[in-house]
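Peer 1: Before I ask anything, let me first share the structure, which is written out below as structure tokens.
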Amino acid sequence: MQNGLAAWEQTAEQLHVKLSDEYFKLETGLAYSKAKISSLERLSRQHAELFLQNFSAPRKLYLDCIATIAKAKTHNSLLRLHELRKEKICVKKIKFNNAPVCWTSWRTFAAQASDYERKTVFDSFINKVKFITPEITKYFDVSRKIYSKYDINPLQVYLEDHNISAETLRDILCKLGNGTKDKFKTEFRKYTKKFLGRTPQYYDDFYFMRNIVFKDLEEGFHVDAKQSVLKSLLELGFNPHIIKVDSVDRAQKFPSPFCSFVKIPDDIRVSYKMENPLNTAIALYHEFGHAAHAITINPQLPYHKKYVLSEGLTETFSIFLENLLSDENYLVQVLELPQNYAQELVKRIRFTEHYAIVFYVANSFLKIDQWEKNLTAKQMNEAYAQYLKEWTGLDVPGQYWQLHHILPESLMYVPSYLLAMARAHEITELLKKECGKWWWANKRAGDELRTVMMQGADSKVGDFQTLDIDSYLRPL
Ligand SMILES: [Zn+2]
């Protein structure tokens, strides 16, 4: 049977490579085949079913096979959701680049729009949520049904993947939210006054604020982020030149940057579109953190230890690298930014971190409730409005979650950002202690990183029951 498992894992990897390659084409706006995706999804599902019929261990693989089946049976729903969103979530009377503002251009539009335009688009999008709700509901209903066949739900799988109990997770969320929300509200008022001349409004969402808050700093940021992140990875002893980078701006390309682990460790791809240099830098450091992790994973490991990685584990390394940009020493020494500029930039990034925390805390509670209480879309709208009020202080229409890019098309995911932010902080502190405050110029720090990266799913970085949340909150 052991031999059988090894053969099963080999085929699983081959299917993963082909499917990721096809999805990468779709997401970067290259020619792709819907039929090929469908047939590969079907093969993956059949392969997962084969596992579940013959094996019950390793447990990681068992849970992953349930997820694979659910994904295969819902991928059409998700593709349909993407299409509906492009088509229906549009406002004709407000134009951006001579075209109606649609869901896909929303964020780029918002960064330069007037208050009136942003409010109009926001309100109108909320009204149009009803066109996508049925598809979102279908996606969640089908997923729930498949998981329940195996007496489990997506939340339970998520918790097991992160080695954390629901109680500890709730506790972490409360601590993070309570430790941040007052500071956040003060800064929120300060920056809306500075940049918008008024108090915070419900349409000043996280994605808008994290752009606007850098407005007056954009001009002073003369950094070629791709060059600098490559240089830093090299100094840490990584070989970042094997990472494939797609920076072409195609009309159909996903606006958010991402990293795809097509074949670990030698086919790892980063995709992004150039925005303003500052946001591009933050995004690139994040995605290269993912990529550095993936190229370091030991190729000898079996499939499930290479590929079945929790979201909390993978996000840790991306957030870790992104955090270099909120290290004043790094900004001055490596990016050669003036000291006072660096100090101001760190403050603004700190604000976006605070906003991220309160926003993700609200999002996480929503997703936990969704599975624990079996909420319908309408009940989720109501719960979400309350959670946003509680943690951000804003009265946002609860349907907003359906317009998000992750909440309606992912079963859990959101808490991982928070778990990873705290874990990334732990790693940085450890490296500072061992290699000094200029740890990023020290190859020994790179060696430490590679030790925990190469173990794939076995890495202790992914064990979140041991998270030290207080030490993360203290300097925030
Ligand atoms: Zn990420």
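Read-outs: derived from the displayed coordinates by stated rules, not from any lab. It should be emphasised that the depicted structure is a prediction, and the values quoted were computed from it without experimental measurement. Every residue, glycine as well, gets a Cβ built from its backbone with ideal geometry; the counts of neighbours run over all protein chains shown.
Peer 1: Apply 1/(1 + (r/R0)^6) to the Cβ-Cβ distance of Glu382 and Lys443, taking R0 = 41 Å, and write down the FRET efficiency to the nearest 0.05.
Peer 2: Working: r = 53 Å, r/R0 = 1.29.
The formula returns an efficiency of 0.20 here.
Peer 1: How much of the DSSP beta bridge set in segment 166-473 is antiparallel, as a percent to the nearest 5? All intermediate terms of the calculation are to be shown ahead of the outcome.
Peer 2: Details: 5 of 8 bridges.
In segment 166-473, approximately 60 percent of DSSP beta bridges are antiparallel ones.
Peer 1: Here's another thing I want to ask about it. Can you tell me the length gained on complete extension of the stretch Lys95 to Phe206, counting 0.36 nm per residue apart and subtracting the Cα distance? Provide the component values of the computation, followed by the final result.
Peer 2: Numbers: separation 111, 0.36 × 111 = 39.96 nm, distance 2.23 nm.
Length gained, Lys95 through Phe206: 37.7 nm.
Peer 1: Treat each spin label as a single point 7 Å out from the Cα along the C-beta direction, and report the Lys432 to Gln227 distance in nm.
Peer 2: 2.9
Peer 1: What residues qualify as long-range amide H neighbours of Val262, i.e. H under 5 Å apart, gap of 5 or more or another chain, H built at 1.01 Å from N?
Peer 2: Residues meeting the amide H criterion: Arg269.
Peer 1: Taking the Cβ-Cβ separation of Ala35 and Asn340 as r and a Förster radius of 45 Å, what is the calculated FRET efficiency to the nearest 0.05? Intermediate results must be reported in sequence, preceding the final value.
Peer 2: Details: r = 57 Å, r/R0 = 1.26.
Computed FRET efficiency for Ala35 and Asn340: 0.20.
Peer 1: Now a separate question. Find out how many positive minus negative residues lie around Trp439, taking Lys and Arg as positive, Asp and Glu as negative, among other residues whose Cβ is under 12 Å from that of Trp439. Let's see the in-between values first.
Peer 2: Details: positive: Lys432, Lys433, Lys437, Lys443, Arg444; negative: Glu235, Asp327, Glu429, Glu434, Asp447, Glu448.
Around Trp439, the surrounding residues sum to -1.
Peer 1: At what distance in angstrom do the alpha carbon centres of segment 310-353 and segment 384-454 lie from each other?
Peer 2: That distance is 13 Å.
Peer 1: Would you mind telling me the antiparallel percentage of the DSSP bridges in segment 197-325, rounded to 5?
Peer 2: Values: 5 of 8 bridges.
Taking every DSSP beta bridge with both residues in segment 197-325, the antiparallel ones total about 60 percent.
Peer 1: Answer with one residue from His304, Val346, Ile37: the one whose Cα lies farthest towards the positive end of the charge dipole of the chain, charges on Cβ with Lys, Arg +1 and Asp, Glu -1.
Peer 2: Projecting each Cα onto the dipole axis, the largest value belongs to Ile37.
Peer 1: Where does the charge balance sit around Asp249 when Lys and Arg score +1, Asp and Glu -1, over other residues with C-beta under 13 Å from its C-beta?
Peer 2: Values: positive: Arg250, Lys253, Lys273; negative: Asp246, Glu275.
Here the count lands on +1.
Peer 1: Could you work out how far the C-alpha centroid of segment 5-48 sits from that of segment 56-86, in angstrom?
Peer 2: For segment 5-48 versus segment 56-86, the Cα centre distance is 12 Å.
Peer 1: Please give the peptides 351-364, 444-457 ranked by average Cβ packing (other Cβ atoms within 10 Å per residue), highest first, as a rough proxy for protection.
Peer 2: Ranked by mean Cβ neighbours within 10 Å, highest first: 351-364, 444-457.
Peer 1: Here's something else I'd like to know. Enumerate cysteines in the chain without a disulfide-compatible partner, where compatibility requires another Cys Cβ under 4.7 angstrom.
Peer 2: Cys65, Cys174, Cys259, Cys435
Peer 1: Where does the charge balance sit around Ile37 when Lys and Arg score +1, Asp and Glu -1, over other residues with C-beta under 15 Å from its C-beta?
Peer 2: On the way: positive: Lys18, Lys25, Lys34, Lys36, Arg42, Arg45, Lys71, Lys73, Arg80; negative: Asp21, Glu22, Glu27, Glu41, Glu83.
With Lys, Arg at +1 and Asp, Glu at -1, the net is +4.
Peer 1: Given the DSSP H assignment, sum -39500 (n - 2.57) over each helix run of at least 4 residues in the chain and divide by its residue total; what's the result at 222 nm in deg cm²/dmol, nearest 500?
Peer 2: Details: 19 runs with 302 residues, N = 476.
Mean residue ellipticity, 222 nm, calculated: -21000 deg cm²/dmol.
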